[in-house]
1. Would you please list the contacts, defined by Cβ atoms under 9 Å and residues six or more apart or on different chains, that run from a residue in region 93-118 that is at pLDDT below 75 to a residue that is assigned to a loop (DSSP other than H, G, I, E, B) and surrounded by 11 or more Cβ atoms within 10 Å (Cβ to Cβ)?
2. Looking for something assigned to a helix (DSSP H, G or I) and within 29 Å of residue 58 (Cβ to Cβ) - is there at least one such residue anywhere in region 99-115?
3. Which of the following residues is surrounded by 12 or more Cβ atoms within 10 Å (Cβ to Cβ) and without any contact (Cβ under 8 Å) to a residue 24 or more places away in the chain: 5, 31, 45, 12?
4. From the set of residues in region 124-144 that are part of a helix (DSSP H, G or I) and touching a helix residue (DSSP H, G or I) at 6+ places or on another chain (Cβ under 8 Å), which is surrounded by the fewest Cβ atoms within 10 Å (Cβ to Cβ)?
5. From the list 86, 26, 33, which residue is part of a helix (DSSP H, G or I) and more than 19 Å from residue 153 (Cα to Cα)?
């Protein structure tokens, strides 16, 4: 029974109950703000692996943060995704690797794409997304959609990186 009362499950339960109680009117929408702070602290201070598990689990229960009565379309998952990504980036010193990979890509793009097909596919996707803006009817809407998909894909990079590291650890 003790294994069920870990921090991950407790934070998840608090989120689910808060969202349900706000949705049915038992709690005012104000309670989403402290929930947002709780989720932010959790993803910052627990491991990247646990934060990613929490994110995947809680995805159906993320809710828009009511900053004002006119602006409530900023969803909690965007904050959680960004924080988890930045934490992963910092812990794994990815910034240094990006610079080296960029130099390698510029020197030999075909070899880089063969050696790193996932990175090449992601880069091509965002390049095509940026090029699609030239024919977009509404430039602002197109930019918003690219930002939205980029924000959502941040957690994918983290999960891919965590899975790759775990695979390397198992081989040792």
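1. Taking only residues 6 or more apart or on different chains, the pairs are 101/116.
2. So far as region 99-115 goes, no, none of its residues is assigned to a helix (DSSP H, G or I) and within 29 Å of residue 58 (Cβ to Cβ).
3. Values: 5 fails: surrounded by 12 or more Cβ atoms within 10 Å (Cβ to Cβ); 45 fails: surrounded by 12 or more Cβ atoms within 10 Å (Cβ to Cβ); 12 fails: without any contact (Cβ under 8 Å) to a residue 24 or more places away in the chain.
Unique residue meeting the criteria: 31.
4. 139
5. Every option except 33 fails the conditions.
The values are calculated or read from the model by the stated rules, or taken from the named source; none is laboratory data. Everything quoted here is computed from the prediction, not taken from an experiment. In this analysis, Cβ positions are derived from the backbone assuming ideal geometry, glycine residues included, and neighbour counts consider all displayed protein chains.
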